[in-house]
Amino acid sequence: MKTGAKILIEALQREGVDTIFGYPGGSVLPIYDELYDSSIRHILVRHEQAAAHAADGYARASGRVGVCLATSGPGACNLVTGIATAYMDSVPIVALTGQVPTGMLGNDAFQESDITGITMPITKHNYLVKDASDVGRVVREAFYIARTGRPGPVLIDLPKDISTDQVYAETPIPDSISLRGYQPTYRGHVRQIDKALDMIAQAERPLIYAGGGVIHSNGSQELVEFAERTAIPVTTTLMGLGCIPGDHPLNLGMLGMHGTQYANYAVTECDLLIGVGVRFDDRVTGKIDTFAPNATIVHIDIDPAEISKNKRVDIPIVGDVKTVLQTMLERMQKAGRTENWLNRIATWKQNHPLRYRDDDCLRPQYIIQQLSDLLRGDGIIVSEVGQNQMWTALYYCFKKPRTWITSGGLGTMGYGFPAAMGVHYARPDEPVFDIAGDGSFQMNIQELGTVAHNRIPVKVVVLNNMYLGMVRQWQELFYNRRYAYTELPPVDFVKIADAYGVDGIRVDAKDGVREALEAALEADGPFVLDFRIEREENVFPMVPAGAAINEMIGVHQP
């Protein structure tokens, strides 16, 4: 005889789960009682949202499924932002939630919420378990769905009586799962691949547009080899940073609203655009009918729903990025001649590099460059959302995949700090830095308690301008500098960190940056760096809303 809770823990162990991020409550007490004696590490967060973000960070850094656990009602509801964040960025997590007993479902019982109904639009699939003998099978299916095809979050809702019910034997769990209606396509259609290769051989101005799908499929090596063999330059989305080394000669950096000038010019001028693991997001395309206006478009993606969703595609290839690129490399016979195109791009790079005012003021771009120089491609960078995120994307040189962890699609403030905790448990031998704004950091600042208690050596770099910086930037540029409710009162983050038992340093001058970063890196435990940056520093380049991506402001025009 086994309880549903015991079957759950055994099923999680069978899936290789070593860490769960959670917060206990009444409906999950049977699960926590079984967890107490298990080999699974449990990290007690200080807010359920942080549990979901930590599971997300764990998954992105490791490529495995992250797991979070919360009680019913408000506990489950507090996971929603984290689940939505994972859904938008195709991150495999399994969220376990407690629920009121099955006999009370629908009766507005204490701490009841219809979490399967609430999360239906933001999960790849979810379950409400109504028989303890189904627990093992459901866990097996949930992990399979989360990590296969286009990855995503799956939720399992467990009523309290399902956790306490005893059953004689669980249903045998097959080694391989086959679900009717869910058969992801991994191998691209050979005829479509050959069409794409023919177009590549004919193209004079080809461009690879690579995104998070490259990293999810572990296809970075194949992407770089493909780019080198075809001599095609590569621009990446925010989520694709690291899929090709930042200092690779074919890398044009990030494109889109805050992309490099030369990447945005290349997209506008190319005659063949090869989208690899991307979804033609509005932050990338700008005004959609002006995006790659003269290009034939090839789109490689594992999710057929993304093909021609936003931009009409000429040659669709549905399949896993890594597998499709391997096939393309095997079948490639000749590549086009791109010398003139590469020379033109080199001129753009030379004439329009990333610029900021290099003076004695404490500017965030300088801080990011110093951190990049200090780590030299090692370690993992996590970010919050806003100006801090864009400065990092532009000025940090990412050299490997899964070293850049950020909320892209949902743009979740407060994501970075708890995600960085999850990153540490996925890659404990790597230094982990969270680049934060003072607004974002305060959204989950209570996790200082988690890092202090567990001695999680996450280093927080707060780019503190005492504003909600990105919103203030829009107010400056488009609302006549009417800073409506975007100014934040000054906060002494070093004192707050000290109250939790975490060391920190405040830096007010440029000459103290390198020493402070080195002190944080050398510290054994968590560390907070409070950089008081220039308050009205802006993120440039920038494409205004409704403009084409080659219509940038804050730059030197060609």
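Can you list the trypsin sites (Lys or Arg not before Pro) in the range 403-490 that are in a DSSP coil and have 11 or fewer other beta carbons within 10 angstrom?
For trypsin sites (Lys or Arg not before Pro) across the range 403-490 that sit outside H, G, I, E and B with at most 11 neighbouring Cβ atoms in 10 Å, the list reads ARG455, ARG481, ARG482.
Debye calculation, C-alpha points only, no solvent: report log10 I(q)/I(0) for the range 230-335 at q = 0.09, 0.18, 0.21 Å⁻¹, in the same order as the q values.
At q = 0.09, 0.18, 0.21 Å⁻¹ the computed log10 ratios are -0.21, -0.93, -1.30.
Kindly identify the range 324-418 as rounded, prolate or oblate by the Cα gyration tensor criterion: order the square roots of the eigenvalues as a ≥ b ≥ c, call it rounded if a/c is under 1.5, otherwise compare a/b with b/c, prolate if a/b is larger, else oblate.
It is oblate, given that a/c is not under 1.5 and a/b is not larger than b/c.
Any chance you could check the Cα centroid distance between the range 376-398 and the range 88-160 for me, in angstrom?
Cα centres, the range 376-398 to the range 88-160: 33 Å.
For a quick check: sort ASP89, ASP131, ASP429 by the number of other beta carbons within 10 angstrom, fewest at the front.
ASP429, ASP131, ASP89
Any idea what the relative contact order of the range 2-167 is, in percent, if you count C-alpha pairs under 8 Å spaced at least 6 apart?
Relative contact order of the range 2-167: 28 percent.
Along the three principal axes, how long is the range 364-532 when you take its alpha carbons, biggest first, rounded to the nearest angstrom?
Its Cα atoms span 48, 36, 34 Å along the three principal axes.
Taking the number of other C-beta atoms within 10 Å as the exposure measure, put LYS495, LYS309 in order starting with the fewest.
Exposure proxy ranking, most exposed first: LYS495, LYS309.
Note down the relative contact order for the chain as a percent, whole number, built from C-alpha pairs under 8 angstrom at least six residues apart.
Answer for the chain is 14 percent.
Going down the list LYS195/LYS287; LYS124/LYS495; LYS311/LYS459; LYS349/LYS459, which pairs span over 30 Å between their C-alpha atoms?
LYS124/LYS495; LYS311/LYS459; LYS349/LYS459
If each residue's Cβ is checked for other Cβ atoms within 10 Å, how do PHE398, PHE21 rank with the fewest at the top?
Listing PHE398, PHE21 from fewest to most nearby Cβ atoms yields PHE398, PHE21.
Would you mind calculating the relative contact order of the range 457-517 from Cα pairs under 8 angstrom and at least 6 residues apart, reporting the percent as a whole number?
Taking the mean separation of contacting Cα pairs over the length of the range 457-517, I get 21 percent.
Any chance you could tell me what percent of the C-alpha pair distances in the range 2-167 go past 21 Å?
Within the range 2-167, distances greater than 21 Å cover 37 percent of Cα pairs.
Quick one: Cα centre-to-centre distance for the range 1-74 and the range 429-451, in angstrom?
The range 1-74 and the range 429-451 have Cα centres separated by 21 Å.
Nearest 500 deg cm²/dmol is fine: what mean residue ellipticity at 222 nm does the chain get from its DSSP H runs of n ≥ 4 alone, each adding -39,500 (n - 2.57), divided by its residue count?
-10500 deg cm²/dmol
Write down the radius of gyration of the range 141-287 and its Dmax, each obtained from C-alpha positions, in Å.
Cα radius of gyration and Dmax of the range 141-287 are 20.8, 68 Å respectively.
Since every read-out is calculated from the coordinates, none of them should be taken as a lab result. What you see is a predicted model; the values in this text were computed from it and never measured. Cβ coordinates were reconstructed from backbone atoms using ideal geometry, including for glycine residues, and neighbour counts include every protein chain displayed.
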